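The values are calculated or read from the model by the stated rules, or taken from the named source; none is laboratory data. Since we're looking at a predicted model, the values are computed, not measured. Counting neighbours? That spans all protein chains shown, and the Cβs are built from the backbone with ideal geometry, glycine included. Ligands, DNA and RNA are excluded from the accessible area calculation, which covers all protein heavy atoms including side chains. Shrake-Rupley method; radii C 1.70, N 1.55, O 1.52, S 1.80 Å.
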Amino acid sequence: MIEQPPAVYHEPTPIPDKENPFESMMRRFDIAAEILGLEAGLYNYLKTPAKQMIISIPIQMDDGRIEIFEGYRVIHNDILGPSKGGIRYSPDVTLDEVKALAAWMTWKCAVMNIPFGGAKGAVRCDVTKLTKIEIEKITRRYTSNLLDVFGPDRDIPAPDMNTNEQIMAWVMDTYSMHMRRTETAVVTGKPLILGGSLGRREATGRGCMIVTLGAMEKLGIRAKDAKIAVQGFGNVGSVTAQLLAEQGCKIVGISDVSGAYYNAKGIDTVKAIEYVGKNRTLAGFKGGDTISQDELLELECDVLVPAAKEEQITAANASRIRAKIISEGANGPTDASADPILQERGILVIPDILANAGGVTVSYFEWAQDRAGYFWTLDRVNRRLERMMRQSFDAVYHSAATYNTTLRIGAYVLAIDKVAKTLKIRGIYA
Ligand code: NAD
């Protein structure tokens, strides 16, 4: 008989001096694994990325110089289906960051019941210092280096920080040229004309709005009485703010990299979006009083939506957050050390792997539409998105209640359990 490993199986992940995203993810993973009594073998399997690729991307720059950029693609796993995850262009991206983001994608797809595994890619570069032609060359060489990895049945990239529809169109074109056929389903977040989906651009903000309303309902907060602060006014932040305002909520604070703005009577989000459309940032916006970035996070409000970047809520400021609900539009805006402080203070945190999962959900719809060659109406996209967000919110809420834990750990438990069960049934191929 095969001896079963003991239920307690590993040393806890040490608490680092400064949290890196992978360690932050692993600390939550460890708590969920403990709750599930995950066997040692499965624990190790699920924490280890299936593939980690570091590639060099030589580019002849516009002035004739040759520069070498470093690119990454991490496939955390493909147990539930082809792996899925964005590509980010950033000057300080690290392999650890990509590993964490890839794992989050696995858990996010599992929470949403999407038949995808998790992946993430990146190129270390500063897009503000590159021309359009140089960005195109980087994208095409990155894609061609990863031809054996990408594929509609294998690994499907999407946009992330500093990458957009145009870059996805170049990924799709490069892949298609090598395959000698047009293959739209190899990448999502494409322009509509190239097999993109209606509703994809607003999907993350729409999903965030749906689960935020779900959490408000649980706390008995009516939309017309709700005061909301939103950090970050890009794709996720501006759409979430606008859709919550349409539901009757008062958006009392908004911010972006240029500054933060407060208006007790409610900010006109339509005007703010128009302003950013013309001026690129909120700098000089007259629709509210200027406040500091810290003051925005610490505003007295019902819901805080951090929708800018990672590590905004930390052990240093968690005790000063006055919102009743935090709805994580961004990936990783709360570091693991802040979790117990927020929990103790009774703040309901809708975790990133649920709150911003609307984006990957409509990416899944885009992939399905491309493969079927049949495109849905906006109404169908939005109805299906709403149904899936509500179902996952209820499942996470139920999981948290069952294990008497936070929504974040409830979501991790749900996701890890699903992937672990699938892995057990598939078995380990040797
Ligand atoms: P974006 O570039 O469109 O917007 C980011 C916004 O944050 C900008 O308004 C920027 O000015 C602001 N910002 C940057 N630093 C800031 C700071 N220190 N303080 C305040 N504001 C700051 O990016 P996005 O697509 O909206 O993504 C935002 C977050 O949501 C990221 O963490 C991303 O990974 C996550 N996310 C995005 C999607 C998507 O579909 N776009 C899906 C899932 C998760």
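Restricting attention to the range 35-88, which residues are under 18 Å from ILE416 (Cβ atoms), of a type in the set (Asp, Glu) and in the same structural domain as LYS137 (by TED's automatic domain parsing)?
ASP78, the sole residue that qualifies.
Pick from the range 191-210 the residues that are modelled with pLDDT of 95 or more, open to solvent by 50 Å² or more (accessible area, probe 1.4 Å) and in a helix (DSSP H, G or I): which of them is farthest from ILE325 (Cα to Cα)?
Restricting to residues being modelled with pLDDT of 95 or more, open to solvent by 50 Å² or more (accessible area, probe 1.4 Å) and in a helix (DSSP H, G or I), the top hit is ILE193.
Residues in the range 339-353 that are surrounded by 16 or more Cβ atoms within 10 Å (Cβ to Cβ) and either within 16 Å of the ligand (Cβ to nearest atom) or not aliphatic (A, V, I, L, M) (or both): how many?
The number of residues fulfilling the criteria is 7.
Which one is nearest to the ligand (Cβ to nearest atom) among residues in the range 278-294 that are in a loop (DSSP other than H, G, I, E, B) and polar (S, T, N, Q)?
THR281
Working carefully through the options ALA395, ALA330, ALA338, find the one that is touching a residue at least 40 places away in the same chain (Cβ under 8 Å), hydrophobic (A, V, I, L, M, F, W, C) and touching a strand residue (DSSP E or B) at 6+ places or on another chain (Cβ under 7 Å).
Among ALA395, ALA330, ALA338, only ALA330 is touching a residue at least 40 places away in the same chain (Cβ under 8 Å), hydrophobic (A, V, I, L, M, F, W, C) and touching a strand residue (DSSP E or B) at 6+ places or on another chain (Cβ under 7 Å).
All but one of (1) out of contact with any Lys or Arg (no Cβ under 9 Å at 6 or more places or on another chain); (2) touching a residue at least 60 places away in the same chain (Cβ under 8 Å) hold for ARG380; state the number of the condition that does not hold.
Of the numbered conditions (1) out of contact with any Lys or Arg (no Cβ under 9 Å at 6 or more places or on another chain); (2) touching a residue at least 60 places away in the same chain (Cβ under 8 Å), the odd one out for ARG380 is (2).
For the subset of the range 319-338 comprising residues that are within 12 Å of the ligand (Cβ to nearest atom) and not hydroxyl-bearing (Ser, Thr, Tyr), which member is surrounded by the most Cβ atoms within 10 Å (Cβ to Cβ)?
It comes out as GLY329.
Look at the range 211-222 and say how many of its residues are in contact with a strand residue (DSSP E or B) (Cβ under 9 Å, 6 or more places away or on another chain) and either of a type in the set (Gly, Ala, Ser) or open to solvent by less than 10 Å² (accessible area, probe 1.4 Å) (or both).
Going through the range 211-222 one residue at a time, the tally reaches 5.
Suppose the filter is outside any helix (DSSP H, G or I), at pLDDT 95 or above and in contact with a strand residue (DSSP E or B) (Cβ under 9 Å, 6 or more places away or on another chain); does THR188 pass it?
Yes.
Restricting the first residue to the range 349-372 and requiring it to be closer than 13 Å to ALA158 by Cα and outside the structural domain of LEU219 (by TED's automatic domain parsing), which pairs with a second residue that is outside any helix (DSSP H, G or I) and near the ligand (Cβ under 9 Å from one of its atoms) meet a Cβ separation below 6 Å and a spacing of at least six or different chains?
SER363/ALA158
Pairs, please: C-beta under 6 Å, at least 6 apart or cross-chain, first residue assigned by TED's automatic domain parsing to the domain that holds PRO333 and in the range 291-318, second among the acidic types (Asp, Glu) and open to solvent by 10 Å² or more (accessible area, probe 1.4 Å)?
Qualifying pairs under 6 Å: GLU311/ASP335; THR314/ASP335.
Of the residues ARG200, ARG180, which single one is in contact (Cβ under 8 Å) with a residue 24 or more places away in the chain and of a type in the set (Lys, Arg)?
ARG200
Just one of the numbered conditions (1) on the phi > 0 side of the Ramachandran plot; (2) open to solvent by 10 Å² or more (accessible area, probe 1.4 Å) is not true of SER144; which one?
All conditions pass for SER144, except number (1).
Which one of the conditions (1) within 17 Å of the chain's Cα centre (by Cα); (2) farther than 20 Å from ARG387 by Cα does VAL211 fail to meet, given that it meets all the rest?
All conditions pass for VAL211, except number (2).
Tally time: how many residues in the range 354-369 are touching a Phe, Trp or Tyr at 6+ places or on another chain (Cβ under 8 Å) and within 10 Å of the ligand (Cβ to nearest atom)?
1
Look through ALA372, ALA316 and report the one residue that is more than 16 Å from the ligand (Cβ to nearest atom) and surrounded by fewer than 24 Cβ atoms within 10 Å (Cβ to Cβ).
Checking each option against the conditions leaves just ALA372.
Please work out if GLY195 is within 19 Å of ILE228 (Cα to Cα) and more than 16 Å from the ligand (Cβ to nearest atom).
Judged against the criteria, GLY195 is not a match.
If we scan the range 32-53, do we find a residue that is of a type in the set (Lys, Arg) and open to solvent by less than 50 Å² (accessible area, probe 1.4 Å)?
No: zero hits.
If I filter the range 222-236 for residues that are closer than 21 Å to ASP352 by Cβ and of a type in the set (Lys, Arg), do I get at least one hit?
Within the range 222-236 (the criterion being closer than 21 Å to ASP352 by Cβ and of a type in the set (Lys, Arg)), the answer is no, since none of the residues qualifies.
Name the residue that is farthest from the ligand (Cβ to nearest atom), counting only residues in the range 223-243 that are among the hydrophobic types (A, V, I, L, M, F, W, C) and open to solvent by 10 Å² or more (accessible area, probe 1.4 Å).
Going through the qualifying residues, I end up with ALA223.
Within the range 244-261, can you find the residues that are within 16 Å of the ligand (Cβ to nearest atom) and surrounded by fewer than 19 Cβ atoms within 10 Å (Cβ to Cβ)?
VAL257, SER258, GLY259
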